[in-house]
Amino acid sequence: MDSRRILITGVSRPEGGRLAQRLERQPGVEAIVGVDTHDPQHEFELAEFVRVDPQHAQFGRILRAAAIDTVVDTRLVDDPLRISLKDAHEVNVTATISMLAACGGPGSRVRKLVFKSSAHYYGGDPGHPAFLSEEIGRARPPRTAIESDVVAAEGAVESFAARHPASTVTVLRMADQVGAEARSSYLSLLALPAVPSLLGFDPRCQLIHEEDVVGALAHAVAHNLPGTYNAAADGVLALSEVASLLGKPLLPVLPPWGAGLAAGQLRRLGLRIPVELLGQLRFGRGLDNRRLKAAGYTYRYTTREAVLKLHAEHSGRPLLGSGGESYHYEREVEEFLRWSPSVRCAPTAGGSSPDPPEHPQPGSYDELSAGEVIEIIASLEPDALTRLRSYEASHMARWAVLEALDGRLAQKQGSESRR
Amino acid sequence: MDRTLYEFLYRYWFRTEIEGVEHVPSEGGALLVANHGGAAPTGGPMIAKALKESGHQLRPLHLLTDPPLQGFPGLGMLFTKLGAVPDHPDNVHRLLFDERQLVLAVPERAQAAGKAVGERYRVRSFERGAFVRAAVRAGTPIVPIAVLGPQEASPLFGRVDPLRRLTRLPRVPLSTGFPLPAKFRIRFLAPVGTSELSRVATDGAAVQALAEEVRSIIQANLLQMTAGRRSVWLG
């Protein structure tokens with residue numbers, strides 16, 4: 001089924017706005033309606049903006065009037081950085097339920113629902129496997145407010161899917177987002193001059209670049225992906241590795257016992273670490289992203305590349321006070337990047353685009369030493385390896401890198417043929 | 001740092017002798033199963049070191065650890081850096097099947113933690129046989145390993161239960177601070193195939209039987225090895 005008339009919720013937030021801009025350029029899209037509770041930051045060509053109340057009470061009327069066939073819900077708040085827990089509950093659970101009721105209500109033509117969820121669904125647990133697969137579910141009931149919101153929202157979406165077997169319902173569980181526009185508690189920790197950590201723990205971090213968030217959502221709109229999918233970049237880094245890539249020291253300010261109390265003290269000093277993040281700083285989290293890849297999505301950035309990109313963005317900013325300030329949409333620059341014929345590679349393209357760039361980031365790749373490149377090789381897929389092989393051969397042609405690439409390719413081909 | 005420590009322990013402290021390394025397959029996943037070794041986990045690292053020393057292959061060996069230990073400050077970090085992985089069916093399957101790696105399981109771990117010095121080398125039942133299930137699901141062979149030495153190197157005298165409650169560790173063993181210089185012998189045994197059990201049929205009785213078979217192979221070899229040695233310290 002083709003998505004022609006699309007409604008995007010949460011369009012005033014970076015992901016929603018970028019998604020609307022991305023979908024505008026897709027052929028076959030007739031109408032895009034963006035709804036949110038405040039004015040959008042992005043400029044739209046085709047998309048129309050409608051301001052709604054926080055409960056999304058008028059949602060059903062908009063759906064019917066615009067004959068919407070696809071709803072992309074990007075509202076879910078998984079981080080209490082700038083919203084109270086009570087408001088978050090309203091957005092995550094109350095509004096989701098009324099939105100779903102509107103989608104399934106009389107006169108609705110909604111045939112596809114893409115729900116942006118969060119990896120906070122899984123929570124932090126020492127009993128978790130290294131890579132969480134979509135079926136694992138929750139071993140124990142959620143312990144924090146945000147976690148139970150996410151679980152309740154997904155439960156509502158699941159029962160909607162069960163009641164409407166004819167519609168395609170996609171749930172995308174996003175890892176922690178990084179990028180120039182994204183704002184979260186996690187990112188504000190990484191933006192500090194030293195990265196705070198929990199004494200005696202070096203958790204595994206897996207991130208997703210905001211471009212891949214938009215890319216994955218757009219992929220779910222363009223294709224039929226019923227079910228739940230994890231969306232997280234390839235590769236897992238230890239927090240200490242993330243800190244060293246950012247060129248910052250790791251500062252174990254939180255004690256292993258009574259971390260919650262210590263976090264409360266830090267909050268008085270102006271550093272807010274939510275409970276969910278404390279769990280992540282203790283146990284880390286890895287998501288099994290193979291299902292989304294099998295469904296045809298190609299990630300543009302690995303976790304390492306996302307961190308390196310974040311580093312490049314951080315280095316242009318003042319040292320302190322950069323965590324909370326909001327992103328400024330610079331109209332001229334954005335217009336130029338989107339429409340000018342002199343721009344070679346559109347910045348929002350990638351992801352599902354048919355011809356991915358030669359290498360994700362040739363500029364930063366050339367700066368990597370042979371040892372660093374060899375470390376990355378283990379996490380790459382065969383076609384990426386082939387591309388990297390040709391890039392390396394034509395540019396620096398370091399024999400150690402070429403040898404490692406050939407070895408890995410042979411190994412991959414061997415294991416493919418055995419299967 | 002660990003390299004020098006392991007090197008020292010392996011070569012000079014435990015004077016490790018190995019036999020039958022050729023039984024470890026040089027490619028594809030394989031599940032290695034060893035008897036439990038004393039209060040401090042000296043057995044696992046020495047098996048890993050033995051594989052590396054023998055030049056048999058350059059593949060790392062992944063040790064399985066108790067998941068609760070992962071939540072303990074310092075330990076979880078250390079284990080991850082040593083390439084150990086929490087014992088979870090999904091982790092084991094991913095390593096064995098998807099990544100075709102070597103995994104070392106110590107199935108008696110949970111009960112053997114309470115095994116005092118007097119009961120050493122009596123291999124406890126591999127209850128539930130979770131490791132067999134993992135190997136069958138991944139279609140990999142099981143390589144039994146008999147390890148002699150670790151139980152004398154770090155004998156278990158008792159447990160400190162109040163401390164255990166206080167720290168919430170699964171166990172706080174009372175043992176020597178640093179392992180004693182017992183002579184280590186590691187014997188890799190002929191692989192036990194899991195192909196006769198189909199991937200779907202993981203019925204309890206068959207799994208139990210295979211687990212018991214692996215246990216008895218290890219036990220028989222341990223008895224043979226203990227009978228053959230003249231001294232705990234010199235071999």
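The values are calculated or read from the model by the stated rules, or taken from the named source; none is laboratory data. Computed from a prediction, not measured in an experiment: that's the story for all the values here. Backbone-built Cβ (ideal geometry, glycine too); neighbour counts: all protein chains shown. The accessibility values were calculated without ligands, DNA or RNA, using every heavy atom of the protein model including side chains. Shrake-Rupley method; radii C 1.70, N 1.55, O 1.52, S 1.80 Å.
Table: residues versus (1) out of contact with any Ser or Thr (no Cβ under 7 Å at 6 or more places or on another chain); (2) under 24 Å from A:S12 (Cβ atoms); (3) open to solvent by less than 10 Å² (accessible area, probe 1.4 Å).
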site: A:D212; (1), (2), (3): yes, yes, yes
site: A:H219; (1), (2), (3): no, yes, yes
site: A:A222; (1), (2), (3): no, yes, no
site: A:A231; (1), (2), (3): yes, yes, yes
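Kindly list the number of the only condition in (1) open to solvent by less than 30 Å² (accessible area, probe 1.4 Å); (2) under 25 Å from A:V221 (Cβ atoms); (3) within 14 Å of another protein chain (Cβ to nearest Cβ) that fails for A:T96.
Against the list (1) open to solvent by less than 30 Å² (accessible area, probe 1.4 Å); (2) under 25 Å from A:V221 (Cβ atoms); (3) within 14 Å of another protein chain (Cβ to nearest Cβ), A:T96 comes up short only on (3).
Please determine, by comparing only the residues of region B:127-139 that are open to solvent by less than 10 Å² (accessible area, probe 1.4 Å) and touching a Ser or Thr at 6+ places or on another chain (Cβ under 8 Å), which one is farthest from B:P179 (Cα to Cα).
Per the stated criteria, the residue is B:V136.
Select from region B:81-92 the residues that are within 10 Å of chain A (Cβ to nearest Cβ) and open to solvent by less than 30 Å² (accessible area, probe 1.4 Å) and list them in ascending order.
The answer is B:V85, B:P86, B:N91, B:V92.
Mind checking which strands (runs of 3 or more DSSP E) fall wholly inside region A:158-255 and carry at least 1 residues that are farther than 23 Å from A:H128 by Cβ and away from every other protein chain (no Cβ under 14 Å)?
A:168-174, A:207-209, A:250-254
Anything in region A:75-119 that is touching a Pro at 6+ places or on another chain (Cβ under 9 Å), in contact (Cβ under 8 Å) with a residue 60 or more places away in the chain and under 13 Å from A:A153 (Cα atoms)? List them, or say none.
A:A88
Could you tell me how many of the residues in region B:172-195 are at pLDDT below 75 and open to solvent by 60 Å² or more (accessible area, probe 1.4 Å)?
3
What tally of residues in region B:65-80 results from selecting those that are facing chain A (nearest Cβ under 9 Å) and either in contact with a helix residue (DSSP H, G or I) (Cβ under 7 Å, 6 or more places away or on another chain) or under 21 Å from B:P141 (Cβ atoms) (or both)?
5
State yes or no: is A:L245 touching a strand residue (DSSP E or B) at 6+ places or on another chain (Cβ under 6 Å) and open to solvent by 20 Å² or more (accessible area, probe 1.4 Å)?
In short, no.
Quick one: is B:P107 in a loop (DSSP other than H, G, I, E, B), open to solvent by less than 50 Å² (accessible area, probe 1.4 Å) and modelled with pLDDT of 75 or more?
Yes.
In region A:120-156, what count of residues is obtained for those that are assigned to a loop (DSSP other than H, G, I, E, B) and at the interface with chain B (Cβ under 10 Å from one of its Cβ atoms)?
9
Can you say whether A:N224 is under 28 Å from B:G76 (Cβ atoms) and of a type in the set (S, T, N, Q), as far as the supplied structure shows?
Taking the combined requirement at face value, the residue does not satisfy it.
Restrict the check to region A:81-96 and report whether at least one residue is of a type outside the set (S, T, Y), within 30 Å of A:G28 (Cβ to Cβ) and in a strand (DSSP E or B).
no
Quick one: which of A:E305, A:E392, A:E381 is modelled with pLDDT of 65 or more and within 14 Å of chain B (Cβ to nearest Cβ)?
Criteria check complete, one pass: A:E381.
Scan region A:264-303 for residues that are over 29 Å from A:I83 (Cα atoms), in contact (Cβ under 8 Å) with a residue 60 or more places away in the chain and not in a loop (DSSP other than H, G, I, E, B) and jot them down.
A:R291, A:L292, A:K293
In region A:117-129, is there at least one residue being open to solvent by 10 Å² or more (accessible area, probe 1.4 Å) and at positive phi?
No: region A:117-129 contains no residue that is open to solvent by 10 Å² or more (accessible area, probe 1.4 Å) and at positive phi.
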